[in-house]
1. Quick check on the stretch 5-327: take the gyration tensor over C-alpha atoms, sort the square-rooted eigenvalues as a ≥ b ≥ c, and tell me if it's rounded (a/c under 1.5), prolate or oblate.
2. Could you identify which residue out of SER51, SER207, SER112 has the top mean-square fluctuation in a GNM of the chain using Cα springs shorter than 10 Å?
3. If we count every other residue with Cβ under 14 angstrom of ILE327's Cβ, Lys/Arg +1 and Asp/Glu -1, where does the sum land?
4. Count charges around ASP268 for me, please; just the other residues with Cβ under 15 Å from its Cβ, Lys/Arg as +1, Asp/Glu as -1.
5. Can you tell which of THR217, THR165, THR276 shows the greatest fluctuation in a Gaussian network model of the chain with Cα springs below 10 Å?
6. How about the stretch 273-322: which trypsin sites (Lys or Arg not before Pro) there lie in a loop by DSSP and see at most 14 other Cβ atoms within 10 Å?
7. Hey, which of these cross-link pairs are over 27 Å Cα-Cα: LYS281/LYS329; LYS11/LYS294; LYS201/LYS281?
8. Between GLU69 and LYS329, what is 0.36 nm times their sequence separation minus the Cα-Cα distance? Round to one decimal in nm.
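Just so it is clear, none of the values below were taken in a lab; they were calculated from the coordinates. Note that the coordinates shown come from a computational prediction; the quantities given were computed from them, not determined experimentally. For neighbour counting, all protein chains shown are included, and Cβ atoms are generated from backbone atoms with ideal geometry for every residue, glycine included.
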Amino acid sequence: MLPFKLVYSEKYFLPIGEHIFRADKFRLIRERLLQDHVADESDFVVPQPASEAEVMLVHSPHYVNKLMEGSLSAREELQMEIPYSPQVVDAFMLHTGGSILAAERALQDGVSVNVGGGFHHAFPEHGEGFCMINDFAVAIRAMQSRGRIRRAMTVDCDVHQGNGTAFIFGTTRQRPDALPSSAAPLARTPTGVRVTEAPAKDVFTISLHQEHNYPYTKPASSIDVNLPDGCGDAEYLAWLDNALSSGLRQFEPELMCYVAGADPFAEDQLGGLNLTIDGLKQRDELVFRVARAKNIPVMVTYAGGYAHRVDDTVTIHCNTVVAAAEIFKPVHSA
């Protein structure tokens, strides 16, 4: 039995047809965790869909009404890059409810994993990049509206920058290469890596991503680490450590939302970084180790993963649960 809960529903499946986004990966992750005895049935909890009112803590009533009524324009549907249907809306509402539940369970247990979610390209007024609703942004605002937390941090380790998240929580727009004098600078930047920082109020956003990749316009996160093509394990882990250290010097979150994308993997079809499966597990361990050392509850969402072999994507996502179990295992006194 795990010392934390995994949030999952069989209705997480996105009915989007043949697509590079493997909508069956959520089921495959659950099956692998059970098969490998990482988790048992009692470790899983089933979420309820988010309410429209909860979604509107982040998304505009106009956009939410369009989703519910099926009145998106052809351009809006094209921008989302997945086909619209009421069933797809229902699945996204459930993923969002899953992230809300994972946030609540993380505050209770120290960590929780939503075996889904991480749809970080969704903006208040529209969806983008396979993302209809920004589930973990809604979860943060829901925790704040309930008085559970005041301050949160997002740590986005998908290969693609979390542009929707950066926009939702952004406070100050700046030139991409500008570094405010009030911000604590990161260490010396090596050739090919560009770091930007911006002030934050109640949510501090960190994004570690491939610079020359989608999205082409990247709103400023609190910290953006723009990595070069082909970045490998050692350099990636060093920059993640640096970004976490810098962020936590500037900001004291009461909840960390970790977006554990599988697509920095070397064999991902939509990525251009060069991380190994073991390097991605070390990434997870680093995030969890820092969160536990600082006593910050951490909720996890999964985001992207488009490996040529779906088994590799499933392994990477399952390893995130394994890493959490190792780092958050109970400490028994002698």
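1. rounded
2. So, out of SER51, SER207, SER112, the one fluctuating most is SER51.
3. +2
4. -3
5. THR217
6. LYS294, ARG309
7. Check vs 27 Å cut-off fails for LYS11/LYS294; LYS201/LYS281.
8. Gain on extension, GLU69 to LYS329, equals 89.1 nm.
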